[in-house]
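The structure under discussion appears below in the form of structure tokens.
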């Protein structure tokens, strides 16, 4: 995996996958490459560039192997892709990804809707994928993301002990790290702090990223709660693009621009150039004309005299 420059938190940009899979329009390959180039030029060190799924299910992701090849040529960029199963993982590994992420839902109802497998069956997929990785691409990093960790629009409440037990099972099956996803935007800061504290107590350094949605306006507050619980990797999507197509009402990833601004204003280094990040919206808009873009920072602009780390607490 490419070496990373110094930063306090890692912002993992998921828009080219999580964002694009959630809109009906299909962004062309050249536009995707231009957008990823703009994101990388802004200083983002990890980008989820697509997913290896059936193009019949998600035609937006049909060119992911080409996108991986393009992105992997950029020095220092960690290229990540989502895979739902062993077949997808083999395609991703052979395409040259640096990191793969698997959605392992804590809600059986969501798991069946999303990947047509039970949570236990998905742990089995993690095990099979880890074995394949060890055989053909041992340097590739495997992340399991526990979907619906904070609640499910299909099932309702998801017991916290089941979330932690599932995360531990994923590590035992071979995942290098396990993060928690607020797939349906149901989390609140107290819950986020509590669950990530439990996750870190269970997994130590293998406790991974916070993937928050802003469905009910608590995305940034939940990211801050996760940071206070020790999380140092955060998923976000430029312009807030995205959501889960198999979870009703799951709109709105955390806006990358707003998240970077929050951390930088607090004196927490992200390694991201905010002006270039906002400029990357132009490449996104060119590839998805007419798509609504979100974000408070791009509307308000940077405060007068703002420089990164000026507002250190």
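Since every read-out is calculated from the coordinates, none of them should be taken as a lab result. All values derive from a computational prediction rather than experimental measurement. Reconstructed Cβ throughout: ideal geometry from the backbone, glycine too, with neighbour counts over all protein chains shown.
Quick notes on this one:
- Cα→Cβ-extended label distance, 7 Å offset, between residue 57 and residue 304, nm: 5.3 nm
- At R0 = 35 Å, FRET efficiency that the Cβ-Cβ distance of residue 275 and residue 168 yields, to 0.05: 0.25
- Projected label points at residue 118 and residue 205, each 7 Å from Cα along the beta carbon direction, are separated by 3.5 nanometres.
- For the chain: relative contact order, % (alpha-carbon pairs under 8 angstrom, 6 or more apart): 20 percent
- In terms of packing, defined here as the mean over residues of other Cβ atoms within 10 angstrom, the peptides 292-302, 78-88 line up highest first as 78-88, 292-302.
- The stretch 199-242 and the stretch 97-151: distance between their alpha carbon centers, rounded to Å: 18 Å
- Here the gap between residue 109 and residue 194, fully extended at 0.36 nm per residue and compared with their Cα-Cα distance, gives a gain of 28.2 nm.
- Relative exposure of 90, 46, 228, judged by other C-beta atoms within 10 Å (fewest first): 228, 90, 46
- Overall form of the stretch 39-193 per C-alpha gyration tensor (a/c, 1.5; a/b vs b/c): prolate
- Beta bridges per DSSP with both ends in the chain, % antiparallel, nearest 5: 10 percent
- Packing-based order for 271-277, 234-240, using average beta carbon neighbours within 10 Å, highest first: 234-240, 271-277
- Gain on full stretching of the segment that runs from residue 30 to residue 136 - 0.36 nm per residue minus C-alpha separation: 35.2 nm
- Viscosity 1.306 mPa s, 10 °C: Kirkwood-radius Stokes-Einstein D of the stretch 10-300 over Cα pairs, µm²/s: 86 µm²/s
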